[in-house]
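Below you'll find the structure, written out as structure tokens, and then a few comments.
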């Protein structure tokens, strides 16, 4: 599993093999069972995660008590919580493993120490966040401008593995539609 992280570091940094090894030796990699809750909405996060294997769902419970799925993180994606702007630093979301997962676990308390020790790690993190933010902006703009059927077609094109990895009602929530609508859209698309 660490080879996935090596590949990722090679993509974002110019670290030599020795420096990469030093970072890998310091990181924590843990296995989590399906259903494990990593962060609970309303709690103050102390960890960040990078997915080596598995799928993690991000969702919030709205005012009506309904779960609203806002993202699914899969292999080679980072879960970064941007809550520093909030006075209480709590998470607006719950993050739950949808499958047995293997994750790099970062400690937010010692994050600065790691960056001081390995400056290119901070560069890698910044580049990763920039790419992720750009992707989120692009996806949000497309989401707003598209119909439910177009959203599903985009999902089929960009993230087809989610179709079989997550329950349909959560996928429907992620697409901003009901499970019944998703079922009708899938039926129409398969008939075409």
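The values are calculated or read from the model by the stated rules, or taken from the named source; none is laboratory data. Model, not experiment: these values are computed from the prediction. Please note: Cβ atoms are built from the backbone with ideal geometry, for glycine as well, and neighbour counts cover all protein chains shown.
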Within region 156-170, the residues that are out of contact with any helix residue (DSSP H, G or I) (no Cβ under 6 Å at 6 or more places or on another chain) and free of Cβ contacts under 8 Å to residues at least 24 places away in the same chain are 157, 158, 160, 163, 164, 167
Given the conditions (1) within 23 Å of residue 172 (Cβ to Cβ); (2) without any contact (Cβ under 8 Å) to a residue 12 or more places away in the chain, every one holds for residue 56 apart from (2)
Only one of 134, 147 is exposed (fewer than 15 other Cβ atoms within 10 Å of the Cβ) and closer than 30 Å to residue 14 by Cα, namely 134
Does region 82-98 include one or more residues that are within 18 Å of the chain's Cα centre (by Cα), free of Cβ contacts under 8 Å to residues at least 24 places away in the same chain and closer than 30 Å to residue 151 by Cβ? yes
Residue 139 passes all but one of the listed conditions (1) under 16 Å from the mean Cα position of the chain (by Cα); (2) closer than 20 Å to residue 11 by Cβ; the exception is number (2)
Among the residues of region 20-29, the number that are in contact with a strand residue (DSSP E or B) (Cβ under 7 Å, 6 or more places away or on another chain) and surrounded by 13 or more Cβ atoms within 10 Å (Cβ to Cβ) is 2
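To keep it simple, each residue is scored yes or no on (1) at pLDDT below 90; (2) part of a strand (DSSP E or B); (3) surrounded by fewer than 17 Cβ atoms within 10 Å (Cβ to Cβ).
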residue: 60; (1), (2), (3): no, yes, yes
residue: 75; (1), (2), (3): no, no, yes
residue: 87; (1), (2), (3): yes, no, yes
residue: 92; (1), (2), (3): no, no, yes
Counting only residues in region 161-192 that are over 27 Å from residue 81 (Cβ atoms) and not in a helix (DSSP H, G or I), the one farthest from the chain's Cα centre (by Cα) is identified as 192
Residue hits (region 1-53; over 17 Å from residue 80 (Cβ atoms), part of a loop (DSSP other than H, G, I, E, B), over 16 Å from the mean Cα position of the chain (by Cα) and touching a residue at least 12 places away in the same chain (Cβ under 8 Å)) are 1, 13, 14, 15, 33, 42
Residue set 168, 191; condition farther than 30 Å from residue 22 by Cα, exposed (fewer than 14 other Cβ atoms within 10 Å of the Cβ) and modelled with pLDDT under 90; output residue 191
Among 98, 128, the single one that is in contact with a helix residue (DSSP H, G or I) (Cβ under 9 Å, 6 or more places away or on another chain), surrounded by 13 or more Cβ atoms within 10 Å (Cβ to Cβ) and modelled with pLDDT of 95 or more is 98
Checking 65, 35 in turn, the sole residue that is at pLDDT 95 or above, out of contact with any helix residue (DSSP H, G or I) (no Cβ under 9 Å at 6 or more places or on another chain), over 30 Å from residue 17 (Cβ atoms) and exposed (fewer than 13 other Cβ atoms within 10 Å of the Cβ) turns out to be 35
Condition test on residue 149, is it in a helix (DSSP H, G or I) and either in contact with a strand residue (DSSP E or B) (Cβ under 8 Å, 6 or more places away or on another chain) or in contact (Cβ under 8 Å) with a residue 24 or more places away in the chain (or both)? yes
